Amino acid sequence: MVTYELKKAPGVPLYEALYRHLREDILAGKLAPGEKLPSKRALAQNLEVSKITVETAYNQLLSEGYLYTREKVGYFVERVERRPREAVPEPTAPAETPRQWLLDLTENGTEGFPFSVWMKLQREVMLDYGQALLRPLPNRGIPELRRAIARHLADFRGMGVDPENILLGAGTDFLYNLLIQLLGREKIYAVEEPGYGKIRRIYAAGGVQCVSASMDSLGVLPGSLGRAQVLHCSPSHHYPTGLVTPVNRRLELLSWVGTDKWIIEDDYDSEFRFDAHPVPAMQALDGRGRVIYMNTFTKTLAPSIRISYMVLPGELMAEFQRRLGFYSCTVPSFEQYTLARFLERGYFEKHINRMRKSYKSRRNAVISMLKQCSFSDKLTILEQDAGLHFLLRVDTPLSDGELTARLARVGIRVHALSEFYREGTAQRGYLVVNYSGIREEDLAKALRAVENLMKT
């Protein structure tokens with residue numbers, strides 16, 4: 001008689017425990033192929049469990065092919081091909097432990113996320129929608145969130161947007177790839193020089209030819225666009241230079257577009273303009289329907305909130321539905337409904353106002369400490385009025401590579417502006433300082449480390 005000691009474990013029913021024991025013995029050969037198992041009644045009595053428990057375990061093994069039955073005879077062990085368990089290879093080298101930096105000026109901060117409000121809204125969504133959260137979504141995203149985004153854009157950016165023209169995606173990377181398919185791989189894309197390198201890599205991976213769009217102190221130079229048919233730009237707060245493109249230059253770029261070109265306006269950081277109102281979005285200035293507006297909640301809420309969106313002109317949205325409408329929405333419904341309520345009830349506006357105040361205070365504190373340090377005469381702060389980073393010019397004879405390497409040796413991680421150039425030549429000695437995650441005590445330690453470095 002088959003005998004097992006069945007212990008009731010949390011979350012594991014007795015039938016599951018019995019199923020596992022029998023399955024292991026079959027795979028190990030302890031129960032031979034063709035061997036008859038005890039009847040359900042007999043095994044139940046022997047193990048002191050219910051007949052239903054045994055029957056459920058047997059039926060599960062039967063459905064998975066470990067058992068077979070003979071009518072009015074009983075259950076028998078099926079012949080199962082047993083594969084030898086492969087040895088797990090030992091790692092050839094120990095996993096690298098990420099370095100703990102004294103000061104990391106390359107990452108944005110994640111403080112200030114409204115956990116309590118977000119959790120409250122999640123509980124509401126679970127109770128109100130229940131099974132509806134498991135159903136397929138509209139490919140553009142739920143109407144509630146698209147309407148909430150449209151109202152936010154009207155209030156904050158002065159944009160009149162039809163919610164039907166808003167398309168949601170799990171991060172801007174996904175949306176960029178959709179645009180490649182929508183606009184066509186045969187088009188030439190212009191990207192800012194210097195610029196965020198990942199954008200160029202995404203386009204290149206999608207089979208798109210990229211050219212560099214030169215910049216001056218006002219932003220992208222229209223005369224540098226040459227053969228380009230699509231311009232990808234960040235006029236509200238350019239990364240890494242921090243430039244804010246004025247209205248006149250935006251209108252020049254819109255004139256370049258005409259009726260046969262496109263502009264992808266990445267407005268990712270426009271919420272954090274501290275000392276003036278945001279400059280009108282290019283989409284709001286566009287009278288021809290040639291601007292594709294993009295934004296994300298990743299920067300304003302948290303990196304793990306992978307909810308981005310783009311506003312397609314009516315012509316492009318119709319084309320998307322016709323050619324690419326088979327794509328499913330990549331943002332879970334749970335997060336969409338939660339964010340919709342977060343926007344509708346004014347929590348997002350309150351959060352932005354709170355974070356804008358907090359980041360402005362942090363920026364001012366960082367700048368003050370830099371201006372008061374012992375080597376302040378060698379530092380010049382640039383483009384500090386918008387966004388979560390600024391440029392720091394360092395008066396030094398060192399090359400950018402030597403400068404960042406020496407700073408790394410004392411625990412300071414920072415990128416030089418020259419790292420963001422692909423074709424042009426950058427001026428030496430400009431560092432990109434992401435200040436949103438800086439703690440004053442860490443900055444103080446870092447400045448002392450630099451002082452010691454300069455002495456040596």
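The values are calculated or read from the model by the stated rules, or taken from the named source; none is laboratory data. Only a predicted model underlies this, so the values are computations on that prediction, with no experimental measurement involved. Reconstructed Cβ throughout: ideal geometry from the backbone, glycine too, with neighbour counts over all protein chains shown.
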**Asked** Among (1) surrounded by fewer than 16 Cβ atoms within 10 Å (Cβ to Cβ); (2) closer than 30 Å to L182 by Cβ; (3) at pLDDT 95 or above, where does M310 come up short?
**Response** (1)
**Asked** For segment 399-420, which residues satisfy the criterion of being outside any strand (DSSP E or B), within 19 Å of Q100 (Cβ to Cβ) and under 28 Å from the mean Cα position of the chain (by Cα)?
**Response** T404, A408, G411, V414
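Is it true that some residue in segment 180-189 is touching an Asp or Glu at 6+ places or on another chain (Cβ under 9 Å) and surrounded by fewer than 20 Cβ atoms within 10 Å (Cβ to Cβ)? Give the steps one after another, and end with the answer.
From segment 180-189, those touching an Asp or Glu at 6+ places or on another chain (Cβ under 9 Å) are 182; that's our starting set.
Filter once more, so that each one left must be surrounded by fewer than 20 Cβ atoms within 10 Å (Cβ to Cβ): 182.
Checked against the condition, which is being touching an Asp or Glu at 6+ places or on another chain (Cβ under 9 Å) and surrounded by fewer than 20 Cβ atoms within 10 Å (Cβ to Cβ), segment 180-189 yields at least one hit.
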**Complete:** Given (1) surrounded by 18 or more Cβ atoms within 10 Å (Cβ to Cβ); (2) over 21 Å from L218 (Cα atoms), D377 misses just (1)
**Message:** For segment 426-455: of the residues being assigned to a helix (DSSP H, G or I) and of a type in the set (G, A, S), which is surrounded by the most Cβ atoms within 10 Å (Cβ to Cβ)?
**Reply:** A446
**Asked** Inside segment 143-179, can you point out the residues that are surrounded by fewer than 19 Cβ atoms within 10 Å (Cβ to Cβ) and of a type in the set (D, E, K, R)?
**Response** E144, R147, R151, D155, D162, E164, D173
**Message:** Looking at segment 211-250 only, could you name the residues that are buried (at least 21 other Cβ atoms within 10 Å of the Cβ) and within 16 Å of L179 (Cβ to Cβ)?
**Reply:** A228, V230, L231, H232, C233, S234
**Complete:** Residues of segment 53-72 being without any contact (Cβ under 8 Å) to a residue 24 or more places away in the chain and β-branched (V, I, T), in sequence order, are T69
**Message:** Looking at segment 365-383 only, could you name the residues that are in contact with a Ser or Thr (Cβ under 9 Å, 6 or more places away or on another chain) and farther than 23 Å from Y239 by Cα?
**Reply:** K378
**Filter pass, E423 being of a type outside the set (A, V, I, L, M, F, W, C), outside the structural domain of L243 (by TED's automatic domain parsing) and assigned to a helix (DSSP H, G or I)** = no
**Item:** Complete set of residues in segment 385-395 that are under 16 Å from F420 (Cβ atoms), of a type outside the set (K, R) and assigned to a strand (DSSP E or B)
**Value:** H389, F390, L391, L392
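For every residue, the table says whether it meets (1) surrounded by 20 or more Cβ atoms within 10 Å (Cβ to Cβ); (2) at pLDDT 95 or above; (3) assigned by TED's automatic domain parsing to the domain that holds E252; (4) assigned to a loop (DSSP other than H, G, I, E, B).
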residue: A302; (1), (2), (3), (4): no, no, yes, yes
residue: R306; (1), (2), (3), (4): no, no, yes, yes
residue: Q321; (1), (2), (3), (4): no, yes, yes, no
residue: L339; (1), (2), (3), (4): yes, yes, yes, no
residue: P397; (1), (2), (3), (4): no, no, no, yes
**Test result for Q131, surrounded by 13 or more Cβ atoms within 10 Å (Cβ to Cβ) and either out of contact with any helix residue (DSSP H, G or I) (no Cβ under 8 Å at 6 or more places or on another chain) or more than 30 Å from K445 (Cβ to Cβ) (or both)** = no
